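Asker: I'd like to ask you about the structure that follows.
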């Protein structure tokens, strides 16, 4: 039972992180089809594929979370309308369907399939109405990203993550949505850079990276300001009202939950990448650019880990003590499996589908 509980918590934290990283699909789609930033058409296909892989992985991880995956349909048939997790399950499932629909036109652009008139016309017509699915995906993503934060924020029995808010929504509802939209595109760009390194080709123009990185940089910057304000209010108002001080939630043991984690999340993996990405020189300098997007990805993963794992490790009763934690091989395998599957999907998509419209232009000799 103890092993299963640890596996459950790790799977939950991993699912939350993967969902945040997959937000590059909905935010890029929102910018491309709703805001009409045409330059992003050169990376939107790859963003959809990466998002599709992330959400498939999240659904796989959540199947482990359930404990009895064969009863997963109970979520929909016997829905607990008072639970945020019910809304999360509905929106996750629906948005995965939206991503699958957005992935279909990319599949139909396969040279062999495109020769069939029915598939050619179907793909062309689906491209014409893709703005509808992009808007639907943005709506669903905003709600389930926020509700994931709300799940933590309403836990008044866990003062480390409990937050006040507006009506029924704690501040974490909005912070989760904003951080996912800010850091999701960074994961898309990081995955694209890795693909370029593996294929030894330029796949996307620098102007596309520059534009998406600039938007992401400002999003991260504003999120970090909101995060700092939230942390200060929590530390000086919310926690003291429940009988705690800030340092009650941190230990001096560096192997456990030290205050360095807060510094790492907000300053190193938040403020630093934001400053790099909002400056033209920072975006133009390749080592700084790579460092910034990697730090942003690590930052959102640390945030999800802290909000899920740390509250379970820290004591909330006088007779409790801090609990150390190290993942088992089952948890490591749970982490590797979705990433391996995602790599396979990306590799096959790149091999057989025209994912990058600028590839031929950037590599004329191939």
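The values are calculated or read from the model by the stated rules, or taken from the named source; none is laboratory data. Bear in mind that the values here come from a model prediction, so they are computed numbers and not experimental data. Counting neighbours? That spans all protein chains shown, and the Cβs are built from the backbone with ideal geometry, glycine included.
Asker: Touching a helix residue (DSSP H, G or I) at 6+ places or on another chain (Cβ under 6 Å) and crowded, with 21+ Cβ neighbours inside 10 Å: does that describe residue 150? Can you show your working first?
Answerer: Working: touching a helix residue (DSSP H, G or I) at 6+ places or on another chain (Cβ under 6 Å): yes; crowded, with 21+ Cβ neighbours inside 10 Å: yes.
Answer is yes for this residue.
Asker: Under 7 Å between Cβ atoms, at least 6 apart or on separate chains: pull out the pairs that start in segment 77-92 with a residue that is closer than 15 Å to residue 144 by Cα and end on any residue that is part of a loop (DSSP other than H, G, I, E, B).
Answerer: Hits for this filter: 86/79; 86/80.
Asker: Restricting the search to segment 299-320, which residues are assigned to a helix (DSSP H, G or I) and surrounded by fewer than 19 Cβ atoms within 10 Å (Cβ to Cβ)?
Answerer: Quick first cut of segment 299-320, residues assigned to a helix (DSSP H, G or I) only: 299-308, 310-313.
Matches in segment 299-320: 305, 312, 313.
Asker: Okay, next question. Consider segment 156-175. How many of its residues are surrounded by 19 or more Cβ atoms within 10 Å (Cβ to Cβ) and either within 20 Å of residue 310 (Cβ to Cβ) or touching a helix residue (DSSP H, G or I) at 6+ places or on another chain (Cβ under 6 Å) (or both)?
Answerer: Filtering segment 156-175 down to residues surrounded by 19 or more Cβ atoms within 10 Å (Cβ to Cβ) leaves 159-163, 170-175.
Checking which are either within 20 Å of residue 310 (Cβ to Cβ) or touching a helix residue (DSSP H, G or I) at 6+ places or on another chain (Cβ under 6 Å) (or both) leaves us with 159-163, 170-173, 175.
So the count comes out to 10.
Asker: Residues that are touching a helix residue (DSSP H, G or I) at 6+ places or on another chain (Cβ under 9 Å) and within 22 Å of residue 195 (Cβ to Cβ), at least 1 per element: which helices (runs of 4 or more DSSP H) completely within segment 43-147 meet that?
Answerer: Working: elements: 44-66, 74-77, 84-108, 111-114, 117-128.
Hits in segment 43-147: 44-66, 84-108, 111-114.
Asker: For segment 283-292, which positions are surrounded by fewer than 20 Cβ atoms within 10 Å (Cβ to Cβ) and either touching a residue at least 24 places away in the same chain (Cβ under 8 Å) or assigned to a loop (DSSP other than H, G, I, E, B) (or both)? I'd like the intermediate steps shown before the answer.
Answerer: Pass one, segment 283-292, residues surrounded by fewer than 20 Cβ atoms within 10 Å (Cβ to Cβ): 284-288, 290-291.
Within segment 283-292, 284, 285, 290 meet the criteria.
Asker: Only residues that are buried (at least 16 other Cβ atoms within 10 Å of the Cβ) and either at positive phi or part of a helix (DSSP H, G or I) (or both): list them for segment 336-355, please. Walk me through it before giving the result.
Answerer: Going residue by residue through segment 336-355, those that are buried (at least 16 other Cβ atoms within 10 Å of the Cβ) are 338, 342, 345-346, 349-350, 353, 355.
Hits for segment 336-355 are 338, 342, 345, 346, 349, 350.
Asker: Would you check if there is a residue in segment 147-162 being under 21 Å from residue 19 (Cβ atoms) and free of Cβ contacts under 8 Å to residues at least 12 places away in the same chain?
Answerer: No, segment 147-162 contains no residue that is under 21 Å from residue 19 (Cβ atoms) and free of Cβ contacts under 8 Å to residues at least 12 places away in the same chain.
Asker: Please tell me if residue 295 is buried (at least 20 other Cβ atoms within 10 Å of the Cβ), modelled with pLDDT of 90 or more and assigned to a helix (DSSP H, G or I).
Answerer: Details: buried (at least 20 other Cβ atoms within 10 Å of the Cβ): yes; modelled with pLDDT of 90 or more: yes; assigned to a helix (DSSP H, G or I): yes.
Answer is yes for this residue.
Asker: Looking at segment 176-190 only, could you name the residues that are surrounded by fewer than 23 Cβ atoms within 10 Å (Cβ to Cβ) and either more than 18 Å from residue 31 (Cα to Cα) or in contact with a strand residue (DSSP E or B) (Cβ under 7 Å, 6 or more places away or on another chain) (or both)?
Answerer: Scanning segment 176-190 gives a single hit, 190.
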